[in-house]
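Remarks on the structure that follows.
The values are calculated or read from the model by the stated rules, or taken from the named source; none is laboratory data. Bear in mind that the values here come from a model prediction, so they are computed numbers and not experimental data. Cβ atoms come from the backbone with ideal geometry, glycine included; neighbour counts cover every protein chain shown.
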Amino acid sequence: MRRRFAVATLLVLLLGTGAAGAMPQVQLEFWTISLRPELTENIDGVIDRYQRAHPGVRVRWIDLELEAIDQKFLAAIAGGVAPDVVNLNTEMTIRMAQAHALVDMDAAVPPDARARYFPNVWASLRVQGRAYGIPWYVEPDVLAYNQALFRRAGLDPARPPATTDEFIHDAVTIKQKTGVYGFMPNVDAIRLLTRFQEEGLPVLSADRHRALFDGPAYVALLAQYVDLFKREMFPDDTLQHGYLGATERYGAGQLGMLVTGPEFLLRVRSDGPDVYRQTLVAPEPIGLGHVLDLPTMDLTVPVATRHRAEAVDFALFVTNDENQLSFSHVVVAFPSTRAAAADPYFTQAGTSPVDHARAIAAQELGIARDLTVVTPDSDELFRIFREAVENAFYGRMTPQQALSWAAAEWNRRL
């Protein structure tokens, strides 16, 4: 009898001292996109540090492919088992926000914490004036150019093009003087929508219910590229191969200038070492809109989470200065916080093209934001826009006819 009493007393003491409380009170499920295996050690370290600082919280990390996360997220919400923190791109974030599935981060994150992030990047995640994600890592572009081709064309390698007009002028000069294409402009598929915005031309009305891209300024921009195409100032396959085709041509010495993310210079270094040695790097040429496109990954919190406060706190921890900086050391990515971007890792240029690209890209973060166009039925709308642009380039429609037709089709569906 005495022994049973002693055991019961010990259990009461253990419960009173919190030993039984070692079990976590909060279990968070954290979803990311395609980070394993390269980032496994980094993310495991972030989670471990968070759990040590918050003994009552445990985090389960699940990494998914980009193609799978959309449907799995929707299925989890419908099944009542929503994750707590989810890594999405801007398009997914805006679509989920429009479906009222995400927590309003302008309301959930204190002003002093919001102030850590570049305000223009934070604004990329706004829908009707409210932000529904916390920016994580971003991917700015820079201008890489072949200084040997510049000299052959009579251009000064010390004076790369700073504006989109200068960019086009130098590309034409390179082609006319050397026979090598000067550029492959970002007009393939739907990237002309980004070019419109970079020139200060909005694609949709404020309520997102009307297409705006059939006005004179839009038509003139498309007509300019159609004229360059007809004059063979950029390759025939630009509309088919786009970004990857441009990287391959540049690495082979068949392209004078390349607008690219710093990570793609690693491919040039591997595939075209001679070209890499001739490569200089400058800021991406800027248009009249004084904005650059900045593909952004962010962290969101579903409204269906059972642990909203803890989920927001964990998302802020993952995206703080220290953790964003350590992330950027593992892969060629850039932070969305101002202090991390000001670290010597980004501000000290080094000597190689990749080093220069890192420093230049970090300087661009203050004028960049994600220009992704998000609409209902986007696959169908983008198919229509792509068809219209191709019709203009291949002479089946004038630029005015192409954009007017596409805008009318969009408006029918919006």
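Each residue in segment 74-96 was checked for being within 19 Å of residue 295 (Cβ to Cβ) and touching a residue at least 40 places away in the same chain (Cβ under 8 Å), and 10 of them qualify. For segment 107-121, give me each residue that is over 19 Å from residue 137 (Cα atoms) and surrounded by 11 or more Cβ atoms within 10 Å (Cβ to Cβ). The one that is over 19 Å from residue 137 (Cα atoms) and surrounded by 11 or more Cβ atoms within 10 Å (Cβ to Cβ): 108.
Of the residues screened, residue 46 is not one that is out of contact with any His (no Cβ under 7 Å at 6 or more places or on another chain) and not in a helix (DSSP H, G or I). Annotation: of all residues in segment 390-401 being under 30 Å from the mean Cα position of the chain (by Cα) and under 10 Å from residue 223 (Cβ atoms), the one that is surrounded by the most Cβ atoms within 10 Å (Cβ to Cβ) is 392. In segment 289-300, the qualifying residues are those that are over 16 Å from residue 94 (Cα atoms) and assigned to a strand (DSSP E or B), and the one that is farthest from the chain's Cα centre (by Cα) is 292.
Suppose we keep only residues that are small (Gly, Ala, Ser) and surrounded by fewer than 20 Cβ atoms within 10 Å (Cβ to Cβ) within segment 301-331. Which one would you say is nearest to the chain's Cα centre (by Cα)?
Our first condition is that a residue be small (Gly, Ala, Ser); within segment 301-331, this holds for 304, 309, 311, 315, 326, 328.
Applying the additional criterion that residues be surrounded by fewer than 20 Cβ atoms within 10 Å (Cβ to Cβ) yields 304, 309, 326.
On the way: 304: 26, 309: 26, 326: 18 Å.
Here the answer is 326.
Scan segment 239-278 for residues that are without any contact (Cβ under 8 Å) to a residue 40 or more places away in the chain and either farther than 30 Å from residue 387 by Cβ or not in a helix (DSSP H, G or I) (or both) and report the count. Residues flagged as without any contact (Cβ under 8 Å) to a residue 40 or more places away in the chain and either farther than 30 Å from residue 387 by Cβ or not in a helix (DSSP H, G or I) (or both) within segment 239-278 amount to 9. Every listed requirement among (1) over 18 Å from residue 90 (Cα atoms); (2) touching a Leu at 6+ places or on another chain (Cβ under 8 Å) is met by residue 339 save one, (2). When restricted to residues that are over 30 Å from residue 128 (Cα atoms) and surrounded by fewer than 17 Cβ atoms within 10 Å (Cβ to Cβ), segment 174-206 contains 4. Does segment 213-221 contain at least one residue that is at pLDDT 95 or above, over 29 Å from residue 152 (Cα atoms) and of a type in the set (Val, Ile, Thr)? The answer is yes, given that some residue of segment 213-221 is at pLDDT 95 or above, over 29 Å from residue 152 (Cα atoms) and of a type in the set (Val, Ile, Thr). Of the set (1) closer than 24 Å to residue 238 by Cα; (2) in the same structural domain as residue 84 (by TED's automatic domain parsing), all apply to residue 340 but (1).
Return the pairs, sorted by first residue and then second, in which the second residue is assigned to a loop (DSSP other than H, G, I, E, B) and of a type outside the set (A, V, I, L, M, F, W, C), the first residue lies in segment 198-211 and is over 16 Å from residue 385 (Cβ atoms), the beta carbons are less than 8 Å apart, and the residues are 6+ apart or on different chains. Here the result reads 198/287; 198/289; 199/287; 199/289; 200/287; 200/289; 200/290, each pair linking segment 198-211 to a residue that is assigned to a loop (DSSP other than H, G, I, E, B) and of a type outside the set (A, V, I, L, M, F, W, C).
Within segment 343-364, is there a residue that is out of contact with any helix residue (DSSP H, G or I) (no Cβ under 8 Å at 6 or more places or on another chain), in a loop (DSSP other than H, G, I, E, B), without any contact (Cβ under 8 Å) to a residue 60 or more places away in the chain and under 27 Å from residue 220 (Cα atoms)? No, the conditions are met nowhere in segment 343-364. The condition (being surrounded by 13 or more Cβ atoms within 10 Å (Cβ to Cβ) and either in the same structural domain as residue 336 (by TED's automatic domain parsing) or over 16 Å from residue 297 (Cα atoms) (or both)) is satisfied by just one residue among 86, 81: 86. Tell me whether segment 230-238 contains one or more residues that are under 27 Å from residue 175 (Cβ atoms), in a helix (DSSP H, G or I) and of a type in the set (Asp, Glu). So far as segment 230-238 goes, no, none of its residues is under 27 Å from residue 175 (Cβ atoms), in a helix (DSSP H, G or I) and of a type in the set (Asp, Glu). Scan segment 244-253 residue by residue and report those that are surrounded by fewer than 23 Cβ atoms within 10 Å (Cβ to Cβ) and either within 15 Å of residue 277 (Cα to Cα) or in contact with a helix residue (DSSP H, G or I) (Cβ under 6 Å, 6 or more places away or on another chain) (or both). Within segment 244-253, 252, 253 qualify.
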